[in-house]
Every structure is written in C-alpha cells, then in structure tokens.
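Everything below concerns the one structure shown next.
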Amino acid sequence: MSEPRLLRCYQYINRPYEEVRNVLRSRPLEILQRATMSAAARGKALMSHLSVEIGKVEVGVDVRTCLHGIREDEGAAGLTPVTRVDIGWEAAGAPTLFPVMRAQLSVWPLTSTETQLELEGAYAPPLGLVGKVIDAAIGHRVAEAAVHRFLEDAVEQLRRELPGATP
C-alpha cells in the first residue's frame, strides 16, 4: 500500500457561520452529494459524479459519498467554534481502480457574515507500483482538481440553500 497523499483547500462563503453550520448539521450528505452530482447523474440517489478537466478532456467517475461523523469544537479561550464533517468517497464501479478519499470538512466563522470552509483529506493511489507511477505523473493533479471542484461545488450548494440578504 502506498503512503497516503495529503490534500488541502479552502473557500469562503459570505453567509453567517451559524446558518452554514445548521445546514451542514441538518442535511450534510444531501448537500455534499449534490455538490458532486453532474446533470446526468442527478437521478441516482446514492451516487455523485466527480469530474475535472485535464486540457480539453473531462475525466470523471461516479462516486459514493459517505458521512463518517459530525462534531462541534466549541471555541474556548477566545478561539472560534469549528464544525467538522468527516466524509469520504470512493468509485461506485471498480473501486479498486480508483483512490478512496477520506477527508474532513471544517467550517468556522471569520466575521459575523463570512464563513471559511477547509477540506483536508488523504488518499492512497491504488494498483501498487503502477498506481504510484500514474499518481506521480498525473493522478495527484486529477485528485487535487477534484477536491478543489468538490469544495467549490459545496460552497455553491450552500449559497443556493442560504440566499444572501437583500439590500
């Protein structure tokens, strides 16, 4: 088994932390699955679709999104509270050919109207030495792009769920 490769990215959303936290606590799997669904895969209840573009070619795979837990870390001694959502995904078909991702989505307030989301995860390339070579050549870039796309899509889903205040 290969050493896990770590990935980290972050996004901001101009919505209050309490609202973002409440949506993620009440329907985390729904929000995260919708974040990765392509238009063609919207009818599949337990499947999502992660895709990225490499040059002019789109690479995608149907995935199962899993929720492993949610916990709240209360802010103590002047620190802000943090909501942590433990998630993962794996390829729906031929899972031994694709990496299994385990990640943590952390959410905390920056201001009274802005929230930061950070996704930190790890995966190990499958297929032994062949997988390591593929990962070194291009696989890690595909994984990084997929994680960034996933977080961008999750923020977009949250924006749809939490319309901003009208002036």
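In this structure the amide hydrogen of Val100, modeled in the peptide plane, comes within under 5 Å of the amide hydrogens of Ala124, none closer than 5 places in sequence on its chain. Calculated FRET efficiency, Asp86 and Arg159, Cβ-Cβ r, R0 35 Å, to nearest 0.05? My answer for the efficiency is 0.90. Computed over protein heavy atoms with a 1.4 Å probe, the carbon and sulfur contribution to the accessible area of segment 113-167 reaches 58%. The stretch between Thr96 and Thr111 holds 1.1 nm of extra length on full extension. This uses 0.36 nm per residue minus the Cα-Cα distance.
In this simple spin-label model, placing a label point 7 Å from the Cα along the Cα-to-Cβ direction at both Glu144 and Glu30 gives a separation of 3.5 nm.
The values are calculated or read from the model by the stated rules, or taken from the named source; none is laboratory data. From a predicted model like this one, the values you see are computed outputs, not experimental measurements. FYI the Cβ positions are ideal-geometry reconstructions off the backbone, even for glycines, and counts take in every protein chain you see. Protein only, heavy atoms only, side chains kept; ligands, DNA and RNA dropped before computing areas. Shrake-Rupley method; radii C 1.70, N 1.55, O 1.52, S 1.80 Å.
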